[in-house]
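Written below as structure tokens is the structure these notes are about.
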Amino acid sequence: MNRLYVLLIIVVCMACQSSHQTTLKGVIKNYNGAVVRISQLGNPKRDTLDVNEKGEFLYHPAASEKGEVYEVFVKEHFVTVSLFLSAGDRENLELTLLPEKKLEYVFSGDRENENAYLAALNAMMDSREWYSPEVTALPFKDFQARLNEKEKQLQLLEERIADKESRLQLARQANLAFLTRRSMWHIFTDKKADDPNFAAFVKTINLNDSLACNEFILENVIAWYSKQDSTREQNDERWKNLEWIGRLVTDRQMKDAYLTSNFRKSLKYAGSVDLQKPYEVYMSLCTDEELKREISEEYKEYVRVNGNMKEGCMAPDFEMIGVDGEKCRLSDFRGKLLFIDVWATWCAPCRKELPHMAKLKEHFKKDDRIEIISVSLDNNIKTWQKFLEKEKPTWKQFVVDKKAHEIINKEYRIEGIPHFMLLDGEGRIVAYSFVLPSDERCIGLLEKHLNR
């Protein structure tokens with residue numbers, strides 16, 4: 001009797017837990033096996049959805065009672081699908097994959113109105129009309145009026161959201177999105193940046209309120225202020241941007257967060273630029289000692305790698321796998337000038353360079369003083385192999401495994417591909433970042449290095 005009672009309690013508890021479990025159920029029409037990932041808005045950690053051959057998936061996110069905005073990404077497709085979910089919600093998502101890497105989607109379920117609101121907001125923000133000649137030619141007053149009209153349209157959808165908390169949360173997100181778009185006006189406009197209406201608008205932004213400002217808005221405001229500085233040199237941009245943050249943001253916690261994020265972007269994207277001055281400015285302005293210790297260690301690593309990537313330094317060695325499965329090392333190509341293309345099949349700009357790589361190979365096909373190779377960062381070797389079978393490139397092709405990939409990430413700090421490098425016959429760096437093959441100077445520069 002006692003056992004039956006315990007089993008009954010367990011079943012009831014499981015049923016209760018199941019009833020409060022958040023569920024996202026969906027189907028992807030025209031599914032082609034692409035990787036589909038999901039993450040909370042602003043969280044870099046992503047989960048991979050388990051999609052079956054029919055395109056069906058079932059996902060249980062750990063949504064909070066107040067609700068969270070999630071983003072769904074289908075690999076190589078340009079549209080990000082945003083959706084709102086809270087604890088216990090049941091939501092259905094129907095995705096349709098379209099030609100040219102586009103997609104359409106429809107929601108149904110407990111949060112249908114919230115997700116229709118998010119879909120409309122994303123469509124408004126992502127619309128290419130903001131970059132059209134008609135819109136970029138508008139003075140700020142007219143640009144503002146156009147955005148005001150968009151906001152009114154969105155408010156009609158907001159009124160359909162019954163839950164007050166989620167309505168307020170999404171309205172705040174929309175407010176930041178529209179404010180971001182307004183703050184970008186001076187970046188794309190054909191008009192002068194000294195428009196008095198835009199200047200008045202900038203002064204209304206509360207840079208110390210996280211509900212009314214974010215990092216993108218702050219960056220746009222700083223870019224506008226910087227345009228007014230006639231003494232500003234291009235090389236000053238990184239450290240002067242930090243000074244602007246220190247000047248404009250008075251909330252200590254927000255200031256420290258913005259300073260740290262801004263400097264980390266420099267560490268990530270600066271390549272081989274000298275960041276000593278920005279580092280000194282950051283350390284003088286940030287008041288959070290823990291953040292300063294973290295940045296100090298990251299900067300030391302940047303300096304180490306930056307020093308190793310200078311002209312004349314030995315290129316860090318790593319192992320590669322050829323099309324035939326045979327392994328070799330970068331150092332095996334010593335004795336010749338080595339032109340290296342770091343790329344991946346999923347990278348559209350990389351693929352655009354392939355015809356120019358072919359022309360490069362054709363031009364130097366009888367010159368045994370130079371070797372041209374491509375090194376792929378593809379995680380899926382089969383995808384890489386199928387691509388090569390279709391395209392049939394005439395120069396040597398290699399891919400790297402996880403270990404070699406980690407070496408490239410750590411020792412070369414290549415943050416964007418395609419990335420082209422040039423090594424001399426001893427394996428020393430001639431150019432850490434060489435011009436693209438599509439650049440008309442490329443062949444001439446290579447011939448110049450060959451004839452030194």
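Overview of values
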item	result
Count of residues meeting criterion [open to solvent by 60 Å² or more (accessible area, probe 1.4 Å), without any contact (Cβ under 8 Å) to a residue 40 or more places away in the chain and part of a helix (DSSP H, G or I)] in the range 149-166	6
Residue that is more than 16 Å from Pro316 (Cα to Cα), more than 29 Å from the chain's Cα centre (by Cα) and either among the hydrophobic types (A, V, I, L, M, F, W, C) or not in a strand (DSSP E or B) (or both), where the choices are Lys366, Lys352, Lys382	Lys366
Some residue of the range 186-200 being free of Cβ contacts under 8 Å to residues at least 24 places away in the same chain, open to solvent by 60 Å² or more (accessible area, probe 1.4 Å) and in a helix (DSSP H, G or I)	yes
Test: residue in the range 81-91 that is touching a strand residue (DSSP E or B) at 6+ places or on another chain (Cβ under 9 Å), within 18 Å of Leu154 (Cβ to Cβ), surrounded by 15 or more Cβ atoms within 10 Å (Cβ to Cβ) and charged (D, E, K, R)	no
Search result, residues across the range 92-107 that are of a type outside the set (Phe, Trp, Tyr), assigned to a strand (DSSP E or B) and over 20 Å from Leu156 (Cβ atoms)	Asn92, Leu93, Glu94, Leu95, Thr96, Leu97, Leu98, Lys102, Leu103, Glu104
Residue match in the range 387-400 (condition: part of a helix (DSSP H, G or I) and within 22 Å of the chain's Cα centre (by Cα))	no
Of all residues making up the range 92-113, the number that are surrounded by 14 or more Cβ atoms within 10 Å (Cβ to Cβ) and of a type in the set (Asp, Glu)	3
Inter-residue pairs, beta-carbon under 9 Å, first closer than 19 Å to Leu103 by Cα and assigned to a loop (DSSP other than H, G, I, E, B) and in the range 32-52, second open to solvent by 50 Å² or more (accessible area, probe 1.4 Å) and hydroxyl-bearing (Ser, Thr, Tyr), 6+ apart	Val35/Thr48; Val51/Tyr31; Asn52/Tyr31
Checking Leu291 against (1) more than 21 Å from Met421 (Cα to Cα); (2) in a loop (DSSP other than H, G, I, E, B), the condition it does not meet	(2)
Odd one out for Ser296 among (1) more than 20 Å from Arg247 (Cα to Cα); (2) at pLDDT 95 or above; (3) surrounded by 15 or more Cβ atoms within 10 Å (Cβ to Cβ); (4) of a type outside the set (Lys, Arg)	(3)
Every residue from the range 28-44 that is open to solvent by 80 Å² or more (accessible area, probe 1.4 Å), of a type outside the set (S, T, N, Q) and over 15 Å from the mean Cα position of the chain (by Cα)	Lys29
Residue satisfying all of: in the range 250-275; among the β-branched types (Val, Ile, Thr) and modelled with pLDDT of 80 or more; most open to solvent (accessible area, probe 1.4 Å) among these	Thr250
Candidate set: the range 299-320, residues that are part of a strand (DSSP E or B) and open to solvent by 30 Å² or more (accessible area, probe 1.4 Å); chosen: the one farthest from Leu423 (Cα to Cα)	Glu319
Cβ-Cβ under 6 Å pairs, at least 6 apart or on other chains, the range 422-447 side in a loop (DSSP other than H, G, I, E, B), far side of a type in the set (Phe, Trp, Tyr) and open to solvent by less than 50 Å² (accessible area, probe 1.4 Å)	Phe434/Phe420
Total residues in the range 260-288, condition within 21 Å of Gly42 (Cβ to Cβ) and either in contact with a Ser or Thr (Cβ under 9 Å, 6 or more places away or on another chain) or not in a helix (DSSP H, G or I) (or both)	1
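Here is a yes/no grid of residues against (1) of a type in the set (S, T, N, Q); (2) under 21 Å from Lys448 (Cβ atoms); (3) in contact with an Asp or Glu (Cβ under 8 Å, 6 or more places away or on another chain):
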{"position": "Ser284", "(1), (2), (3)": "yes, no, no"}
{"position": "Val305", "(1), (2), (3)": "no, no, yes"}
{"position": "Lys310", "(1), (2), (3)": "no, yes, no"}
{"position": "Lys327", "(1), (2), (3)": "no, no, yes"}
{"position": "Phe339", "(1), (2), (3)": "no, yes, yes"}
{"position": "Arg351", "(1), (2), (3)": "no, no, no"}
{"position": "Leu354", "(1), (2), (3)": "no, no, yes"}
{"position": "Ala358", "(1), (2), (3)": "no, no, no"}
{"position": "Ile373", "(1), (2), (3)": "no, yes, yes"}
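The values are calculated or read from the model by the stated rules, or taken from the named source; none is laboratory data. Here the structure is a predicted model, which means the values were calculated and not measured. We place every Cβ from the backbone using ideal geometry, glycine too, and count neighbours over all the protein chains shown. Keep in mind that these areas ignore ligands, DNA and RNA; they rest on the heavy atoms of the full protein, side chains included. Shrake-Rupley method; radii C 1.70, N 1.55, O 1.52, S 1.80 Å.
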